[in-house]
1. Can you tell me which residue within region 4-25, out of those that are closer than 15 Å to Val81 by Cβ and not in a strand (DSSP E or B), is most open to solvent (accessible area, probe 1.4 Å)?
2. Scan region 92-107 for residues that are open to solvent by less than 60 Å² (accessible area, probe 1.4 Å) and modelled with pLDDT of 90 or more and report the count.
3. Kindly check whether there is at least one residue in region 317-325 that is crowded, with 17+ Cβ neighbours inside 10 Å and touching a Lys or Arg at 6+ places or on another chain (Cβ under 7 Å).
4. When region 338-361 is examined, which residues are found to be modelled with pLDDT of 90 or more and in a helix (DSSP H, G or I)?
5. Being more than 33 Å from the chain's Cα centre (by Cα) and open to solvent by 50 Å² or more (accessible area, probe 1.4 Å) is true for just one of Asp110, Asp136, Asp155. Which residue is that?
6. With (1) within 14 Å of the chain's Cα centre (by Cα); (2) within 22 Å of Ala151 (Cα to Cα); (3) part of a loop (DSSP other than H, G, I, E, B) as the list, and Thr37 as the residue in question, which single condition is left unmet?
7. Got a number for residues in region 31-53 being touching a His at 6+ places or on another chain (Cβ under 8 Å) and of a type outside the set (Gly, Ala, Ser)?
8. Of all residues in region 184-199, count the ones that are farther than 23 Å from Asn5 by Cα and more than 16 Å from the chain's Cα centre (by Cα).
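The values are calculated or read from the model by the stated rules, or taken from the named source; none is laboratory data. Small disclaimer: the values here were computed from a predicted structure and weren't measured. Cβ placement follows ideal geometry from the backbone for every residue including glycine, while neighbour counts extend to all protein chains displayed. Protein only, heavy atoms only, side chains kept; ligands, DNA and RNA dropped before computing areas. Shrake-Rupley method; radii C 1.70, N 1.55, O 1.52, S 1.80 Å.
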Amino acid sequence: MTSTNPAIELKDIRKSYGAAVAIDGVSLTVERGVFLTLLGPSGCGKSTLLRSIGGFVEPDSGKILVDGRDITHEPAFRRPVNMVFQDYALFPHMSVRRNIGFGCEMKNLDRAAIERRCDELLELIRLPQLGERMPDELSGGQRQRVALARALAPDPVSLLLDEPLGALDLKLRQEMQNELKAVQKRTGKTFVFVTHDQEEAMSMSDLVAVMNRGRIEQIASPREIYSRPATAFVAGFIGAANMLDAEVEGVDGDGIVLDIGGSRFRLPSSRLTSGRALRAGDAATVVIRPEQLAAGGRGQEQSLELQGRLEDVTFLGGRAHIRFVTATGQMILAEAPPSMADNVGDTVSFICGSNEMVVLAVDQK
Ligand code: ADP
């Protein structure tokens, strides 16, 4: 019978170090075959959460299930998950083949089965000729691929990868991102990957969980995270975002009427991405990505117009990044045609369609 259990389930995980809260109530379900990335700034709790799943950190409370089995109190070596660390942790006195086979030896497989598994894994990481090399005869990228193969050897339900590419230079890092993603696809394994690098997270993942102060603020596909951020933190952490203060004037059947810097503007209700409903009088934040602002001209009724004094222009070849300041003193980032470069000091005008922005409820503190 094939199991339909999710690969990993976390139920209200909490962990503090003294007075410092590292994980503040995280619940999460990771389906099989998914590449999930935990993304967030340094200190937000990514590693602590990953290590809790791996069995290297004991949560204060909460439950961890892998393949439907409660493993909250099992030691790391008995869990059907395996960790890959940044520093490879290969055994220096063992060949590549023996390093990879080590995971299987622990599982009491016979010699012939271990050899077959090693061959399979050497093929998978595209190093079939290097089985007899020692770790110090490999490049950094090759060592990381061997570490990956060794972690996959015992056929775990999930691999837990703690910033595994952090020590590599940029070019190698990009190569390894592709390699890692390809291995995940070929094996169909569930990968839980930790990084603080938003581009890495966006390019590799099926799902991204954005963490802040020990909580998950949003979990969604990279596209959704970018185009429909659910909190101001997510909007600001991933890509550039203009955030405009607004007040809710009223809410009707399918729209929200806002006062944005003195102008009245109506948005479809579908543009509200934070969970809580809005009511008249509430404070709200409107999020607009710089590339959603179009230079010049008057918009249609459905467009918000922003005007201001052009402050500076950065050329990027075919386009430019500009900044302007509105009458209410708000700095706005936008993309513009390079011809705008001559006009610093002038009044510029941009528009944004109501379907290209999102609106967030502002939490009352
Ligand atoms: P991240 O991986 O997102 O950088 P961590 O999970 O490493 O964050 O850390 C989360 C918080 O918990 C940080 O404030 C960190 O200082 C604290 N922390 C992590 N591990 C320990 C520890 N062993 N002892 C004390 N504090 C810790």
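1. Asn5
2. Residues of region 92-107 that are open to solvent by less than 60 Å² (accessible area, probe 1.4 Å), as a first pass: 94-97, 99-101, 103-104.
Okay, now just the ones that are also modelled with pLDDT of 90 or more, so 94-97, 99-101.
Going through region 92-107 one residue at a time, the tally reaches 7.
3. The answer is yes, given that some residue of region 317-325 is crowded, with 17+ Cβ neighbours inside 10 Å and touching a Lys or Arg at 6+ places or on another chain (Cβ under 7 Å).
4. Result: Ser354, Asn355, Glu356.
5. Asp110
6. Answer for Thr37: the failing condition is (3).
7. Going residue by residue through region 31-53, those that are touching a His at 6+ places or on another chain (Cβ under 8 Å) are 39-42, 46.
Still in the running and of a type outside the set (Gly, Ala, Ser): 39, 41, 46.
Qualifying residue count, region 31-53: 3.
8. Qualifying residue count, region 184-199: 0.
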